[in-house]
Amino acid sequence: MKQEDGGLDALVRKRIRGLRVAMGLSLDDLAARCYLSPSTLSRIETGHRRISLDQLTSIARALGTSLDQLVESASDDDVVIRPRHDAARGVTMWTLKRESGVTAAKMRITKPAPTGPDALKAHPGRDWFTVLSGTLVLLLGDRRILVETGQAAEFSTMIPHAFGAHGGPAEILGIFDHDGGRTHLHAPE
């Protein structure tokens, strides 16, 4: 009797089979790696057997993936990246990926770099960005650096810094560590 496949259950079964096939493993090969019989593995993949947590853990390990990755839900949020606009800062951003404490984001910057005694901020970490279009002004300590389309910059964020558009909007692709992401990608509190 086939198990009632809910959305996530069916997705997990498809992932198991898809990873197995992509790795060039037969049912016998994977079954041996995860200490299951080939018939049990076949019934798991086809939905004719419930998957226990210990079996799922063993299968994930044998496929070289984590349990979390094997059972993560599929949603449109993972596919469609919607921009967030912060009018006060003149920034629209598309957060592309958050993994291992690092965030990649595309940012469209329309306002010039802030000025004044509290304009430059420092925090632990490093920032990296490349300019996709336009020109960005990077204020780094006492330096004023123009970073143009096709150029990139990387710097220690312990140096007081700020950035903004120069002569019109600029789009950048940035990689930020946890502290950089918190500082640059979220509105100030």
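The values are calculated or read from the model by the stated rules, or taken from the named source; none is laboratory data. This is a predicted model, so every value here is computed, not measured. Because the Cβ atoms are built from the backbone with ideal geometry, glycine has one as well, and the counts that use them run over all protein chains shown.
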| said: Scan the range 63-73 and tell me whether some residue there is touching a Lys or Arg at 6+ places or on another chain (Cβ under 9 Å), under 19 Å from Gly134 (Cβ atoms) and modelled with pLDDT of 85 or more. | reply: no
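Would it be correct to say that Val137 is in contact with a Leu (Cβ under 8 Å, 6 or more places away or on another chain), at pLDDT 85 or above and closer than 14 Å to Glu171 by Cα?
Details: in contact with a Leu (Cβ under 8 Å, 6 or more places away or on another chain): yes; at pLDDT 85 or above: yes; closer than 14 Å to Glu171 by Cα: yes.
So Val137 passes the test.
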| Which listed residue is modelled with pLDDT of 85 or more and closer than 21 Å to Ala153 by Cα, from Asp86, Asp127 | Asp127
| field | Qualifying positions in the range 7-39 - farther than 16 Å from Ser66 by Cα and surrounded by 17 or more Cβ atoms within 10 Å (Cβ to Cβ) | value | Leu27, Ala31, Leu36
| field | Cβ-Cβ under 7 Å pairs, at least 6 apart or on other chains, the range 133-161 side free of Cβ contacts under 8 Å to residues at least 24 places away in the same chain, far side part of a strand (DSSP E or B) and aromatic (Phe, Trp, Tyr) | value | Leu140/Phe155
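Go through Ile51, Ile81 for me and flag whichever is of a type in the set (Val, Ile, Thr), at pLDDT below 90, within 30 Å of Gly164 (Cα to Cα) and assigned to a loop (DSSP other than H, G, I, E, B).
Numbers: Ile51 fails: within 30 Å of Gly164 (Cα to Cα).
Step by step, each of Ile51, Ile81 is checked, and only Ile81 is of a type in the set (Val, Ile, Thr), at pLDDT below 90, within 30 Å of Gly164 (Cα to Cα) and assigned to a loop (DSSP other than H, G, I, E, B).
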